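Participant: Just dropping this structure here.
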Amino acid sequence: MRMEIKNPASLLFAPLISLLIITSNLISTTDGHDFKIEEASIEEIQRAFTENRLTSRQLVDFYLDRIEELNPLLRSVVEVNPDARDQADVADRERGVNGDRSMVAALGELHGIPVLLKDTIASKDKLNTTAGSYALLGSVVARDAGVVEKLRKGGAVILGKASLTEWYSFRSLGHVPNGWCARAGQGVNPYVPSGNPCGSSSGSAISVAANMVAVSLASETHGSILCPADHNSVVGFKPTVGLTSRAGVIPILPRHDTVGTISRTVSDAVYVLDVIAGFDPQDYEATKEAAKFVPVGGYKQFLNPNGLEGKRLGVVRNPFVSSLNKSSVIEEFERHLRTIRQRGATVADNLEIANVDVIQSSKRSGELTAMLAEFKLSFNDYLKDLISSPVRSLADIIAFNQNNPDLEKTKEYGQATFIASEKTSGIGEKERQAFELMENLSRNGFEKLMMENELDALVTPGTGAIPLLAIGGHPGITVPAGYDSGGMPFGICFGGIKGTEPKLIEIAYAFEQATMIRRPPFSKSFEMNNEVVFGSAYGVGEQCAYRTDIVNNRAYKTNSTLSTARCIALMAASSALSFSIFSSLILILLLTIPSGSCHQINFSIKEVTIHDLQLAFKQNKLTSRQLVEFYLKEIRRLNPILKWVIEVNPDALCQADKADYERKAKVPGSQSRLHGIPILLKDNIATKDKLNTTAGSFALLGSVVPRDAGVVSKLRKAGAIILGKASLGEWSHFRTARGPLAWSARGGQGKNPYTLGEPCGSSSGSSISVAANMVAVSLGTETDGSIICPASFNSVVGIKPTVGLTSRAGVIPISPRQDTVGPICRTVSDAVHVLDAIAGIDNNDNATFKASRYIPSGGYGQFLKVDRLRGKRLGLVRNPFFDFGNNTYLNQTFELHFDTLRGAILVDHLEIANIGMILDYKASGEETALLAEFKISLNAYLRELVSSPVRTMADVIAFNNKNPELEMINEIDQDHFLSAEATKGIGKVEKAAMSNLARLSKDGFEKLMKNNKLDALVTPSYYASSVLAIGGFPGVSVPAGYDTTREPFGICFGGLKGSEPKLIEIAYGFEQAKKIRRPPLFMP
């Protein structure tokens, strides 16, 4: 239910949101160039492109930032496109930034322009098409909608999907609030938050009005473009039915459905119409019939400021003017009629339309009868055309809503219209009579009025003429006309008969240019309504508000002032403080609150453990959604510097909402340790979702994995939230031995959050992100040092499990003998909780069957005991591991650590046989073995992909050669790849190398451990990684200190296969005794 909050502090809502809007526009425009994006028209944006004052990437960044800041309040966007920035980059390259611009004019007005699509318009990409309902979430469309295909050909950037009134309000007519849908919540009018945003294209109108996008596409059956445009002070253009394709658009009534535009200006609407209008073989009959109306030379030729001259406009006062109960609106309408006359038009006043009262009633006109039958037929056809879908019929949707009443608010809003539609049995006599009645009413009413009076357009205030235009498939355009005494916008509508778009454009454009009424929301030039409405959109466990976008190696701008202003605005709406106290608090907050610190969470998230988070969930101090939002905000803020995340999961917020719902409903499994906890995955761990799995390389971008990796499947079963993919040393640092340890083409160069220096690798992103408190926990992988080393360098805990203890299925491989997957966390306990979730048998990885015997009954958490160091036997091999030379600080620090470990038995001054050879990558045979194993296992992985741009290592090498700048081949090389490709399988040389590695391990580390009855070998940092790697042994790295340059270092406890319980006891005992870790002091 919606709750109205009326208190003096709510007066601050308007100026605070105004601050949010103003600071966003001033700070997040272009890189130092003087161009104001807010309210900019397509023509102005294209001019800025041409003059090098703006790029498409900067424009997309601006809008994504606006969505990030405003959408939690306005709820107008369901998802943003994870590929939007990439599309913008393509547009910039095509435009030839700073280069030859001779072809710019040929690219078209929409080239590089971001467009939002109503969430009923299909796009064959990573975006969902759901009509705002969870029932269609995950469905896969067969192709782009016809209008989307034309947009792409026009060079537009698909920014995302706009919210709407769910199922066009057709689920339960009159009961579903305008602007509400299950997936986005309640849309809010940006001018009057308690006002009606109208629908069903509410999100399209709100987003354009609030400058969250340049233009949007919407659809209309009966008022769904004209009404929200009217209520949100934007231009809405409803074309003649068939002028634009409806193919790929979730239907209601094919004889009424049309796709049109919502924009801030008439010219913008016309530029979009020019691109999307025209024949589409997928909507053959309607577009073929309407194609005759498309003028040669397009529609922009009719953007004539003198377009009112000589036009005849009709006014029907009863009921369109007389029914208005706001005198201010009537006064404005009369003034507009005078303007129209002054501009050379003739106004035929006091006209009448036959049977107008019948036309205005959807029941009496037959429109409802027709809709009920045609919706079922056309919608079921739409569902059948989907490649895959959780629902295949209207009956399935009804069942879904009944089975998910909390998710879809079925009890509150019902689904009476759906049920009535489902009861229909096709087009019978009753339906045919309804069609005939509508045709007669249109012909003898609106059409007769227009022809007998030789009118070019009917002009009406507000939305009254919508039924006239709907039942005949006629076009209309609404233009901002004013704001009532409460600040609520209203428009003026010009409607005509089929095919009269040229005249309507001339009239609307001339009126707009003569009046120039539109102003952005939150303007200082008019007062806001004092009443603020916050409904379920701000409640705990609310549904997915928007899709989070890809974060890549290019800078993404954020604005700390925006977060603060948004937070204060929310506080203003809900605070019970006195006005004077609250005003003082506002000033203090504005001066003192740092970026990201205000999230309406009475709980400090930084440095918390999984145990802390679960306790906060239980005590209602925190929700999974709030936790995910916090981490996403931190990613926005820090990733441009640290380069530790390649992608964030567009479904992370949805998964968080699901976790909150399950926790509240006490669903079985919701009490598990990882339930509702966000986790990042190294970008070589496959996920069968909207995330890519690329090992940091563009060569694998767009590949489709057949299933989740084994460890990911276990994480999902435990209720964890997959937050995204962490960066890494590209191809797990196996492309070359000479490249940086933490660099990848897709992620850029990762940086240590303590020093901004070397973070080590290859699981660099997994370590950096956890260290910098941008995620709770993460998964990394190790072949030789790739968990232990970055954990040490970034002051976090890394567990490298026994090979086979955790599944490697679905992980981009190097060596089946040495590869393992393990957790990277801030504490030993967190790492153990993750290990408990991911360890165990996986039918897709045979090694897990053998290693499963090591898993203790009751799991690993039972070994988190602070007193278990006592009696343990720990070995020290001083040479070469503790040879720090003249570094007295490290020498002294580790001697202190040895004192701490004295509760255990320290067996000092031990030696490992052939340690020099073990640590020599080439001499040991490790390189020889890995090169051959890599080629074999990578090719096997690539063959199993559902689809992929590359299918062999040779393909990857060729891709790199063809894209030397993208993959920095000249700078970083691919010598390891070339060496691996030259191998011919496991021959004598490789077998000898593997045999030598087994011997070195048996005679070295294993013999040391067994002969001295050691529970663990203690070494600094990552120095013993090869000792553990070649035998598949486990190790745990724990923060051990910070050197004189503030660079962290760790202490590693390594043991024999299956010795994780002992290693956990040792590592946890040391951690609890020393508690060395502290968060980085790095500030961007």
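Participant: Would you please give the residues with an amide H less than 5 Å from that of A718, counting only those at least 5 places away or on a separate chain, with H modeled from the backbone geometry?
Facilitator: none
Participant: Between region 722-793 and region 831-896, what's the alpha-carbon centroid distance in Å?
Facilitator: So the separation of the two Cα centres works out to 20 Å.
Participant: Go ahead and estimate [θ] at 222 nm for the chain from helices alone: -39,500 (n - 2.57) per DSSP H run with n ≥ 4, summed, over the residue count, rounded to 500. Spell out each step's value before the answer.
Facilitator: Values: 44 runs with 421 residues, N = 1084.
It lands at -11000 deg cm²/dmol.
Participant: For every other residue with a beta carbon closer than 14 angstrom to the beta carbon of E422, add +1 if it is Lys or Arg and -1 if Asp or Glu, then tell me the sum.
Facilitator: Neighbourhood net charge equals +2.
Participant: Exceeding 31 Å between C-alpha atoms, which entries from my cross-link table qualify? They are K800/K962; K688/K872; K161/K409; K384/K666.
Facilitator: The answer is K800/K962; K688/K872; K384/K666.
Participant: Output wanted: per-residue J couplings in Hz (rounded whole) for region 667-680, from phi through Karplus 6.51 cos²θ - 1.76 cosθ + 1.60, θ = phi - 60°, x for Gly and Pro.
Facilitator: Rounded to whole hertz, the list is 5, x, x, 6, 9, 5, 4, 9, 4, x, 9, x, 9, 9.
Participant: Mind listing the long-range amide H neighbours of V645? Cut-off is under 5 Å, sequence gap 5 or more, other chains count too, H placed in the peptide plane at 1.01 Å from N.
Facilitator: S727
Participant: What's the center-to-center distance, using Cα atoms, between region 1025-1084 and region 227-262 in Å?
Facilitator: Measuring centre to centre over Cα atoms gives 60 Å.
Participant: Please identify every one of the GluC sites (Glu not before Pro) in region 372-471 that sits in a loop by DSSP and has no more than 15 other beta carbons within 10 Å of its own beta carbon.
Facilitator: E454
Participant: I've got another one for you. Hey, can you grab everything whose amide H is under 5 Å from the amide H of A162? Only 5+ residues off in sequence or another chain; H modelled, so Pro and N-termini drop out.
Facilitator: Amide H neighbours of A162, under 5 Å, 5+ apart: V78, L117, K118, D119.
Participant: Something else now. Can you tell me the Rg and the Dmax, both Å, for the Cα atoms in region 873-1074?
Facilitator: 20.5, 59
Participant: Using the Karplus equation 6.51 cos²θ - 1.76 cosθ + 1.60 (θ = phi - 60°), what ³J(HN,Hα) coupling, rounded to whole Hz, does each residue of region 140-146 give in order, writing x for Gly and Pro?
Facilitator: 10, 7, 6, 6, 4, 4, x
Participant: Give me the number: length gained by fully extending S604 to V358, i.e. 0.36 nm times residue separation minus the C-alpha to C-alpha distance, one decimal in nm.
Facilitator: Roughly 82.5 nm would be gained on extension.
Participant: Taking the Cα centre of the chain as origin and charging only Cβ (+1 Lys, Arg; -1 Asp, Glu), how large is the dipole, in debye to the nearest 20?
Facilitator: 2420 debye
Participant: While we're looking at this one, here's another question. What nm value, rounded to one decimal, do you get for the distance between K717 and T339 when each label is placed 7 Å out toward the C-beta?
Facilitator: 6.6 nm
Participant: With point charges of +1 on the Cβ of Lys and Arg and -1 on the Cβ of Asp and Glu, referenced to the Cα centre of the chain, which listed residue (I841, P177, Y941) lies farthest in the positive direction of the dipole?
Facilitator: I841
Participant: Oh, and also: Taking Rh as the Kirkwood radius computed over C-alpha pairs, what is the Stokes-Einstein D of region 177-313 at 37 °C in a medium of viscosity 0.692 mPa s, expressed in µm² per second?
Facilitator: Working: Rh = 15.7 Å.
The Stokes-Einstein estimate is 209 µm²/s.
Participant: Sticking with this structure for a sec: What are the ³J(HN,Hα) couplings of region 284-298, residue after residue, when phi is run through the Karplus curve with 6.51, -1.76, 1.60 and θ = phi - 60°? Round to Hz, x for glycine and proline.
Facilitator: So the J values, rounded to whole Hz, are 4, 4, 5, 6, 5, 5, 7, 4, 5, 7, 6, x, 4, x, x.
Participant: Tell me the Kirkwood radius of region 367-433: reciprocal of the mean inverse pair distance over distinct alpha-carbon atoms, in Å. It would help to have the intermediate numbers written out before the result.
Facilitator: Working: mean 1/r = 0.0780 Å⁻¹.
Kirkwood hydrodynamic radius for region 367-433: 12.8 Å.
Participant: If we restrict to alpha carbons, what Rg and Dmax does region 820-962 come to, in Å?
Facilitator: 21.7, 59
Participant: GluC sites (Glu not before Pro), restricted to region 877-977: which are DSSP loop and have at most 12 other Cβ atoms within 10 Å?
Facilitator: Details: sites: E895, E911, E926, E927, E933, E944, E965, E967, E971; in loops: E911.
Qualifying residues, ordered by number: E911.
Participant: Just add up the charged neighbours of A214: K/R +1, D/E -1, any other residue whose Cβ is under 13 Å from the Cβ of A214.
Facilitator: Numbers: positive: R66, R264; negative: E38, E39, E43, E44, E109, D268.
Once all neighbours under 13 Å are counted, the net charge is -4.
Participant: Next up: Counting only C-alpha contacts under 8 Å and six or more residues apart, can you give the relative contact order of the chain as a whole percent?
Facilitator: 10 percent.
Participant: Hey, another quick one. Between N304 and A399, how high is the FRET efficiency from 1/(1 + (r/R0)^6) when r is the Cβ-Cβ distance and R₀ = 51 Å? Nearest 0.05.
Facilitator: Details: r = 54 Å, r/R0 = 1.05.
Working from the Cβ atoms, E equals 0.45.
Read-outs throughout are calculated quantities, based only on the coordinates presented, and are distinct from any laboratory measurement. What you see is a predicted model; the values in this text were computed from it and never measured. Glycine gets a Cβ as well: all are built from the backbone with ideal geometry, and neighbour counts include every protein chain shown.
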